[in-house]
Amino acid sequence: MRRIRVSLRKEVDASYDIVVEAGLMDRLAKELSGLVSGGRCAVVCDFTTRELFVPALLDRAEDAGLSCDVLDVPPGEASKSLAVFEGLLGRLRDLRYTRKDFVLALGGGMVGDLAGFTAGCYMRGLPVVQAPTTLLSQVDSSVGGKVAVNLPGAKNYVGLFHQPKKVLIDVRTLQSLPRRELLSGLAEVIKHAVIADAGFFEFLEQGREALLTLDEEAVVRTVATCCAIKAGIVERDEREAGPRMVLNYGHTIGHAIEDAAGYALTHGECVAYGMRAEARIANALGLFPESDLARQERLLDGYGLALDPLDMDPERLIDLAHGDKKNAGGRITFILPTAIGQTTRRDDVPLDLVREVLEATLARA
Ligand SMILES: NC(=O)c1ccc[n+]([C@@H]2O[C@H](COP(=O)([O-])OP(=O)(O)OC[C@H]3O[C@@H](n4cnc5c(N)ncnc54)[C@H](O)[C@@H]3O)[C@@H](O)[C@H]2O)c1
Ligand SMILES: [Zn+2]
């Protein structure tokens, strides 16, 4: 018998910068040309972000010495599919892209996930730069390296960890964002504050007017704070072995609602319901004080995340929250707040309590 050891212990420095600025798009071409010398840039976008942001990029590309190819896909979650992924791979191949080149994800979280996954797979990995253009993607999906496409009925089932080379965030892009999409991102903003930063929560309480009118200083501070919170969590747990789960606050129930609604609600709307329900569970367990619960409720209301009653069966939501775990006798894991800025992880929440809280939350969200 012979045994050959393949020694692969490695230390890789995959560190990257996140730049948050109002007006960054004006010098996007320049930022990119400095990143990968001589390489070409495949700009992955959807039809909407193509129209909004690609002309200005192309106008300045030549002067910056940047060669771009635009690869656009229809907007909407349906484009986060294996078929569209395969189409993008084919286009990169036709254009003779190699590992000297790179991908720019220019759009919301759909584009970021699709472009990042395509970049991570093509020729075993091209660099990707994330330029997120929705609030949700600026505060959440563009940071952390999780990229994926969906299988029919199974969100994010085919994916990778593929960290970006850089994240370039222009908060001015939010000016064209439909209000409902803005509010969807604000739910994730509030989540970051509740799980990690009481001072930021206070800022959100006081800065409502500024944020909702997209005051640039307030938005830069908000986006940068969320990115710093997420970066801190990802640094400790890049591959979601444990601590990164804290980002799932509001998502255990939020995802179940998202499934049950058949995606008629935005992700943030579902997360807002989820946070209300999960905070009430924490309160009923004696973990989360009544006064903090009331502050979270007021903040969600104040940011337009007070939603209509939902006609959903709590039992079905509990089934959905269990996922495949139920048959294996699995429990539902919850991230529960213990104070504004602090959480704990629990998998012993009585289902009767979940049912009771869901009934109350759905009836009067
Ligand atoms: N990778 C992660 O860690 C992570 C985390 C959270 C969410 N996600 C993923 O993110 C996706 C949702 O992201 P999203 O909410 O940004 O959706 P999205 O990318 O579909 O964008 C929403 C809509 O806004 C449009 N749009 C984008 N930027 C715009 C702008 N500046 N002005 C006007 N319209 C604009 C888009 O064309 C689209 O119609 C989901 O696929 C979700 O799974 C990933
Ligand atoms: Zn989310």
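The values are calculated or read from the model by the stated rules, or taken from the named source; none is laboratory data. All values reported here derive from a predicted model rather than from experimental measurement. Backbone-built Cβ (ideal geometry, glycine too); neighbour counts: all protein chains shown.
Residues that are more than 24 Å from T98 (Cα to Cα) and among the basic types (K, R) within region 17-73 comprise just one, R27. When A272, A279 are checked against the criterion of being more than 14 Å from the chain's Cα centre (by Cα), at pLDDT 95 or above and within 11 Å of ligand 2 (Cβ to nearest atom), a single residue qualifies: A272. For region 159-197, the set of residues classified as more than 22 Å from D237 (Cβ to Cβ) and away from ligand 2 (no atom under 16 Å from the Cβ) consists of L168, I169, D170, V171, R172, T173, L174, Q175, S176, L177, P178, R179, listed by residue number. Of the residues in region 206-220, not one is near ligand 1 (Cβ under 10 Å from one of its atoms) and either without any contact (Cβ under 8 Å) to a residue 24 or more places away in the chain or in the same structural domain as L336 (by TED's automatic domain parsing) (or both). Is there a residue being in the same structural domain as F200 (by TED's automatic domain parsing) and more than 28 Å from F203 (Cβ to Cβ) anywhere in region 286-297? Yes: one or more hits. For region 87-95, the count of residues that are surrounded by fewer than 17 Cβ atoms within 10 Å (Cβ to Cβ), in contact with a strand residue (DSSP E or B) (Cβ under 7 Å, 6 or more places away or on another chain) and either not in a helix (DSSP H, G or I) or not assigned by TED's automatic domain parsing to the domain that holds R40 (or both) is at least one. From the list V36, V20, the lone residue that is among the β-branched types (V, I, T), touching a strand residue (DSSP E or B) at 6+ places or on another chain (Cβ under 8 Å) and modelled with pLDDT of 95 or more is V20. Scanning region 138-192 for residues that are within 20 Å of S79 (Cα to Cα), among the hydrophobic types (A, V, I, L, M, F, W, C) and near ligand 1 (Cβ under 8 Å from one of its atoms) yields V147, A148, L177.
Residues of region 44-83 being β-branched (V, I, T) and either under 14 Å from S176 (Cβ atoms) or without any contact (Cβ under 8 Å) to a residue 12 or more places away in the chain (or both), which ones? If the condition is that a residue be β-branched (V, I, T) and either under 14 Å from S176 (Cβ atoms) or without any contact (Cβ under 8 Å) to a residue 12 or more places away in the chain (or both), then T48, T49, V54 are the ones that fit. Just a yes or no: is a residue in region 314-322 out of contact with any strand residue (DSSP E or B) (no Cβ under 7 Å at 6 or more places or on another chain), acidic (D, E) and more than 30 Å from G232 (Cβ to Cβ)? Taking every residue of region 314-322 in turn, at least one turns out to be out of contact with any strand residue (DSSP E or B) (no Cβ under 7 Å at 6 or more places or on another chain), acidic (D, E) and more than 30 Å from G232 (Cβ to Cβ). The residues of region 122-140 that are out of contact with any strand residue (DSSP E or B) (no Cβ under 7 Å at 6 or more places or on another chain) and either among the hydroxyl-bearing types (S, T, Y) or closer than 26 Å to R99 by Cα (or both), listed by number, are Y122, M123, R124, G125, T134, S137. One residue is enough: does region 187-194 have a residue meeting the conditions closer than 30 Å to S33 by Cα and under 16 Å from the mean Cα position of the chain (by Cα)? Checked against the condition, which is being closer than 30 Å to S33 by Cα and under 16 Å from the mean Cα position of the chain (by Cα), region 187-194 yields no hits at all. Tell me whether region 72-80 contains one or more residues that are under 19 Å from T173 (Cβ atoms), among the hydrophobic types (A, V, I, L, M, F, W, C) and in contact with a strand residue (DSSP E or B) (Cβ under 9 Å, 6 or more places away or on another chain). Taking every residue of region 72-80 in turn, at least one turns out to be under 19 Å from T173 (Cβ atoms), among the hydrophobic types (A, V, I, L, M, F, W, C) and in contact with a strand residue (DSSP E or B) (Cβ under 9 Å, 6 or more places away or on another chain).
For region 333-364, name all the residues that are farther than 12 Å from E278 by Cα and not in a helix (DSSP H, G or I). Once the filter is applied, which keeps residues that are farther than 12 Å from E278 by Cα and not in a helix (DSSP H, G or I), region 333-364 yields A339, I340, G341, Q342, D347, D348, P350, R364. Taking the criterion of being surrounded by fewer than 17 Cβ atoms within 10 Å (Cβ to Cβ) and either within 23 Å of the chain's Cα centre (by Cα) or not assigned by TED's automatic domain parsing to the domain that holds A78 (or both), the residues of region 23-50 that qualify are G23, F47. In this structure, does G108 turn out to be within 16 Å of ligand 2 (Cβ to nearest atom), surrounded by fewer than 23 Cβ atoms within 10 Å (Cβ to Cβ) and within 28 Å of A22 (Cα to Cα)? Criteria not met by G108. Residue selection: G199 satisfies the criterion of being away from ligand 1 (no atom under 16 Å from the Cβ), surrounded by fewer than 16 Cβ atoms within 10 Å (Cβ to Cβ) and among the small types (G, A, S). Listed by position, the helices (runs of 4 or more DSSP H) contained in region 227-314 that have at least 3 residues being under 30 Å from F161 (Cβ atoms) and either in contact with a Ser or Thr (Cβ under 6 Å, 6 or more places away or on another chain) or away from ligand 1 (no atom under 12 Å from the Cβ) (or both) are 251-260, 267-284.
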